[in-house]
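Below is one structure, written out as structure tokens, with a few remarks after it.
Read-outs: derived from the displayed coordinates by stated rules, not from any lab. Keep in mind that this is a model prediction, so the values were computed, not measured. Note that we place each Cβ from the backbone using ideal geometry, even for glycine, and neighbour counts take in every protein chain shown.
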Amino acid sequence: MREKLLSMIEKNSRIDVKELAVLMGEEEIDIVNELAALESEGIICGYHTLIDWEKTSIEKVSALIEVRVTPQRGQGFDNIAERIYKYPEVNSVYLISGGYDLLVTLEGKSLKEVSAFVSDKLSTLDTVLSTATHFILKKYKDHGTILMKKHEDTREKVTP
Amino acid sequence: MRSPLADKVVEIKPSGIRKFFDIVSEMDDVISLSVGEPDFDTPWHIRDEGIYSLEKGRTFYTSNAGLKELKEEICHYMKRKQGLEYDPKDEVFLTVGGSEGIDAAMRAMLNPGEEVLIPQPSFVSYEPCAILAGGVPVIIELKAENEFRLTAKELEDAITEKTKLLVLPFPNNPTGAILERKDLEEIAEVIIKHDIFVMSDEIYAELTYKDKHVSIAEIPGMQERTILINGFSKAYAMTGWRLGYACGPKEIIAQMLKIHQFAIMCAPTTSQYAAVEALRNGDEDVAEMREAYNQRRRYLMSAFKEMGLECFEPFGAFYVFPCIKEFGLTSDEFATRFLKEEKVAIVPGTAFGDCGEGFLRISYASSLENLKIAMGRLAEFIERLRKG
């Protein structure tokens with residue numbers, strides 16, 4: 001039940017317990033208990049909403065920043081990652097295999113604000129060797145959801 | 001001028017679903033729960049193989065029976081899913097959808113005047129195909145109190161000296177009924193005793209929500225008297241690709257293949273290449289779609305319970321078949337009024353045989369959001385009917 005429950009609320013975190021119970025063929029009380037357990041175990045880390053900011057009047061700029069760093073003895077990348085993820089404007093920090101070390105994503109109000117973050121805060125950290133900033137121009141699909149167009153039902157309306 | 005037409009064809013009633021289709025297609029903003037095909041797109045990796053085959057210029061006929069590698073994959077699939085052994089050389093061939101298999105089986109097996117037992121409510125093709133093949137359809141009316149399963153007793157009572165073939169349409173469209181191993185064992189006993197054959201339409205085999213589907217061919221002594229019809233339409237959401245297959249004893253397959261060879265040539269080549277991919281790498285897609293259907297099925301059962309609408313719990317296909325006898329309307333009247341007043345299209349049970357009277361087929365091959373809106377409207381509608 002655990003895996004199924006997670007995959008259901010991963011797609012729709014607003015679904016209520018009663019409906020979950022019906023769709024999964026489980027008792028409501030079992031769902032409530034399982035959700036509580038998943039939260040306390042830190043498996044469910046939050047209930048976010050996927051927003052296409054493009055369609056609003058609010059200006060937002062998203063960027064991906066590749067960061068090369070010098071790992072520290074005994075700490076590896078954890079310390080430097082922490083330094084970076086503590087900035088509230090940073091959305092995510094991933095340790096990456098390959099040509100660079102950390103992938104940082106962040107959102108700002110403008111290009112200027114993002115550039116300022118990179119030049120003033122990120123690149124000035126001791127352990128940071130270099131950064132490469134990529135601005136996102138258009139989001140087609142995010143979190144498994146296609147943002148561009150609605151799925152249209154083109155089937156014949158009545159078939160045997 | 002004399003009539004250019006064949007009486008046998010003219011006498012066949014047009015599909016009962018047609019009339020309903022005409023009304024629905026005139027209306028806008030209808031939520032349609034009357035669709036007999038998956039609402040999912042064919043999984044992308046399967047479509048991609050189809051596209052790739054076109055890019056590679058695989059645009060020619062295949063052999064009459066179909067691609068060798070596809071026949072082999074089907075045989076592996078049958079072994080892995082049902083534990084059935086078929087020889088890819090002469091015990092399986094590819095058809096244009098399950099429908100062609102139904103037609104070819106009837107034509108290959110029926111002599112004039114021989115009787116075909118057709119349990120109803122069931123898919124609309126069996127009866128006309130039997131007639132066109134020169135057979136005599138004999139309807140077995142399935143009953144709600146048996147959850148629309150075919151019982152050994154009902155079968156035994158319908159058999160005469162002329163009976164040749166039993167159509168076994170489970171998991172069932174439109175009722176959602178399934179047959180389990182015990183049901184099949186009892187039926188098989190009667191079949192073997194009377195030395196008749198079976199055409200088992202298992203197109204919904206992947207869509208069962210209780211135990212794994214059991215084929216009648218798995219019951220000892222049955223494989224040699226069963227033509228098994230299956231296909232890619234429902235399991236892999238590939239209706240438009242028109243691809244199915246028939247498995248069975250080589251004596252029957254050889255004759256069906258003859259009809260196929262002269263009437264069809266071969267099943268669509270692009271679809272066959274895509275189907276190889278479906279069988280090799282499609283299990284997860286099927287499981288995902290099955291889970292989505294199952295959630296909707298549970299939702300509908302719970303919605304019916306809340307509005308006090310009688311319905312046995314179906315464990316197959318993607319249909320529920322609620323009973324509307326309490327309202328004193330015919331299925332047709334109910335469906336027509338519901339469509340006009342609430343703009344939701346569902347099919348009257350009578351489109352699938354006279355014994356579907358008093359029932360409706362609701363397809364849950366539709367998004368949960370749509371189902372919720374439709375059930376809201378159904379609850380209001382029956383509330384009005386109950387108040388009179």
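Listed values, structure above:
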read-out	value
Ranked B:Thr151, B:Thr42, A:Thr145, criterion: other C-beta atoms within 10 Å, fewest first	A:Thr145, B:Thr151, B:Thr42
Sites A:Thr105 and B:Glu85 - FRET efficiency at Förster radius 45 Å, r taken between beta-carbons, to 0.05	0.25
Built amide H within the under 5 Å cut-off of B:Leu168, gap 5+	B:Met199, B:Ser200, B:Asp201
Overall form of the stretch B:1-96 per C-alpha gyration tensor (a/c, 1.5; a/b vs b/c)	prolate
Dipole in debye (nearest 20) - chain A, about Cα centre, beta carbon charges: Lys, Arg +1; Asp, Glu -1	760
B:Asp103, A:Asp78 arranged by Cβ crowding within 10 Å, fewest neighbours leading	A:Asp78, B:Asp103
Neighbourhood charge, 11 Å Cβ-Cβ cut-off, centred on A:Ser130 and excluding it, Lys, Arg +1 and Asp, Glu -1	-1
Net lengthening on full extension, A:Asp153/A:Lys60 (0.36 nm per residue, minus Cα-Cα)	30.2 nm
FRET E, pair B:Met27, B:Leu385, Förster distance 30 Å, beta-carbon r, rounded to 0.05	0.90
Shape category assigned to chain A from the gyration tensor of Cα positions, a/c cut at 1.5	oblate
Most mobile of B:Ser15, B:Ser34, B:Ser200 in a GNM of chain B (Cα contacts under 10 Å)	B:Ser15
Those lysines that a straight Cα-Cα span of less than 18 Å connects to B:Lys325, excepting residues fewer than 8 apart in one chain	B:Lys143, B:Lys305, B:Lys387
Nearest-ten-degree value, helix A:28-40 long axis tilted from longest Cα axis of chain A	10
Separation between Cα centres of the stretch B:58-114 and the stretch A:49-66, rounded to whole Å	52
Partners for B:Lys340 among lysines (Cα-Cα distance below 18 Å; same-chain residues under 8 apart left out)	A:Lys157, B:Lys19
Order of B:Thr270, A:Thr105, B:Thr95, B:Thr160 - criterion: other Cβ atoms within 10 Å of each residue's Cβ, fewest first	B:Thr160, A:Thr105, B:Thr270, B:Thr95
Extreme residue, positive dipole direction of chain A, given options A:Val93, A:Ala132, A:Ala36 (C-beta unit charges)	A:Ala132
Between 0 and 90°, nearest 10: helix B:269-281 axis offset from chain B longest Cα axis	80
Per-pair calculated FRET efficiency, R0 = 51 Å: B:Ser3 and B:Glu288 via Cβ, rounded to 0.05	0.45
Positive-end extreme of charge dipole, chain B - chosen from B:Gln120, B:Ser63, B:Leu84 (charges on Cβ)	B:Ser63
Between 0 and 90°, nearest 10: helix B:16-26 axis offset from chain B longest Cα axis	60
Global form of the stretch B:200-301, assessed from the alpha-carbon gyration tensor, a/c cut-off 1.5	oblate
